[in-house]
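K.L.:
Dropping a structure here in structure tokens format, bear with me for questions.
The values are calculated or read from the model by the stated rules, or taken from the named source; none is laboratory data. Here the structure is a predicted model, which means the values were calculated and not measured. Don't worry about glycine lacking a Cβ; one is built from the backbone with ideal geometry, like all the others, and counts go over all protein chains shown. Protein only, heavy atoms only, side chains kept; ligands, DNA and RNA dropped before computing areas. Shrake-Rupley method; radii C 1.70, N 1.55, O 1.52, S 1.80 Å.
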Amino acid sequence: MSDGKVPQCIGAAEDQEDLDEFEVTLDALFAASPGFASRVTLALCLSNASDAVETLSLGFAIPKFDGSFGDMRLPAAAVFVGMLAGGCAAGALAEGLGHQRLLVKMLYLEALSALATTAATGPWQLALCRFSSGIAIGAAVPPIFALAEELIHPRQRRHRSLSLIASSFISGSVLVSLLAWPLSVGWTWQAFYATTGVVPLFNAWLVSRWVPESPTFLQHQGRRAELLAELQRVLPTGPTGPTGPGVAASKQRSERTRFIVANSSVFPSSAEDKVLSKSWIRSIIS
């Protein structure tokens, strides 16, 4: 005898169907926005390179300390202990803040830690600054790859982009070696750390400009208005420039993007919206 409740298996199937529709809608949005995946990939590559700069910076600066800070093993180990702590805390932090916001905050913390290092006067102060930088590095890595997995479309290029992002740590190693070159011609270690602090500072600005907050995170949080605002912020909403066949195609993509973002049933919040959404999504991908 039925008690009026929906069986769990049916509820789970409906939830999965809603999730599939949500992902299809995101695919349509990002596919209608040429250049979006490239911008996201570049911003995340530079963010991972920033991690390499901060991780390896002390190794290049140690000769400039000339023994004035005593045993450097503590500051050298502090960054890796911080990375472990930051990596372990990243999941819980992302659940509260969101992946993009966590990444931006950690990049700012990297920059602040590097600038604070210039004021260190002893090994314990230096170790504290390096520990703070390690926390930022460890907590920045998971959101970098989580955002890449969710935002980079079409799916066929996702693995290539993930490989580029992972390889960018090596690019950051090359960058920090170039930034350290002036140390051999008279730069102080304070000037070196002030310079390395600019790298994550710039990347924090770039991520906040080019990378949206995780749509899945905002959807699960029920923050629908904020989700639409994020998509409007990073996706094109109108054509500019001269006319022509290429521009006509761009206009068509922009109009489609505007329609997708502005339509109130993109991410349905009621049963009636879900019915409308099914036919609407089919029209988008047809």
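K.L.:
Output yes when any residue across the range 204-224 is over 30 Å from PHE60 (Cβ atoms), modelled with pLDDT under 85 and small (Gly, Ala, Ser), and no when none is.
P.N.:
Yes.
K.L.:
Hey, another quick one. Condition first: in contact (Cβ under 8 Å) with a residue 24 or more places away in the chain and either buried (at least 23 other Cβ atoms within 10 Å of the Cβ) or part of a helix (DSSP H, G or I) (or both). Now tell me which residues in the range 174-190 satisfy that.
P.N.:
Selection gives LEU175, VAL176, SER177, LEU179, ALA180, LEU183, TRP189, GLN190.
K.L.:
Those residues that are in contact with a helix residue (DSSP H, G or I) (Cβ under 8 Å, 6 or more places away or on another chain) and more than 16 Å from THR117 (Cα to Cα), I need them from the range 52-68; list them, please.
P.N.:
If we filter the range 52-68 for residues that are in contact with a helix residue (DSSP H, G or I) (Cβ under 8 Å, 6 or more places away or on another chain), which is where we start, we get 52-65.
Within the range 52-68, ALA52 is the sole residue that qualifies.
K.L.:
Go through the residues of the range 87-101 one by one and say whether even a single one is assigned to a helix (DSSP H, G or I), more than 16 Å from the chain's Cα centre (by Cα) and buried (at least 23 other Cβ atoms within 10 Å of the Cβ).
P.N.:
No, because not a single residue in the range 87-101 is assigned to a helix (DSSP H, G or I), more than 16 Å from the chain's Cα centre (by Cα) and buried (at least 23 other Cβ atoms within 10 Å of the Cβ).
K.L.:
Go through the range 77-86 and give me each residue that's farther than 30 Å from GLN221 by Cα and surrounded by fewer than 22 Cβ atoms within 10 Å (Cβ to Cβ).
P.N.:
ALA77, PHE80, VAL81
K.L.:
Scan the range 106-124 for residues that are open to solvent by 30 Å² or more (accessible area, probe 1.4 Å) and more than 22 Å from the chain's Cα centre (by Cα) and jot them down.
P.N.:
At the first step, the residues of the range 106-124 found to be open to solvent by 30 Å² or more (accessible area, probe 1.4 Å) are 108-109, 112, 115-116, 118-119, 121, 123-124.
Matches in the range 106-124: LEU115, ALA116, THR118, ALA119, THR121, PRO123, TRP124.
K.L.:
Scan the range 157-170 residue by residue and report those that are over 17 Å from the mean Cα position of the chain (by Cα) and open to solvent by less than 70 Å² (accessible area, probe 1.4 Å).
P.N.:
Across the range 157-170, the qualifying residue is only ARG157.
K.L.:
Now for a separate question. Take the residues of the range 191-210 that are among the aromatic types (Phe, Trp, Tyr) and either closer than 28 Å to VAL234 by Cβ or not in a helix (DSSP H, G or I) (or both): which is most open to solvent (accessible area, probe 1.4 Å)? Spell out the reasoning first.
P.N.:
In the first step, residues of the range 191-210 are kept if they are among the aromatic types (Phe, Trp, Tyr); the result is 192-193, 202, 205, 210.
Add one more test, that the residue is either closer than 28 Å to VAL234 by Cβ or not in a helix (DSSP H, G or I) (or both), and what stays is 202, 205, 210.
Values: PHE202: 105, TRP205: 125, TRP210: 68 Å².
The qualifying residue most open to solvent (accessible area, probe 1.4 Å) is TRP205.
K.L.:
To continue, here is another question. Given ALA140, ALA111, ALA136, ALA146, which one is modelled with pLDDT under 95 and small (Gly, Ala, Ser)?
P.N.:
Numbers: ALA140 fails: modelled with pLDDT under 95; ALA111 fails: modelled with pLDDT under 95; ALA136 fails: modelled with pLDDT under 95.
Going through ALA140, ALA111, ALA136, ALA146 in turn, the sole match is ALA146.
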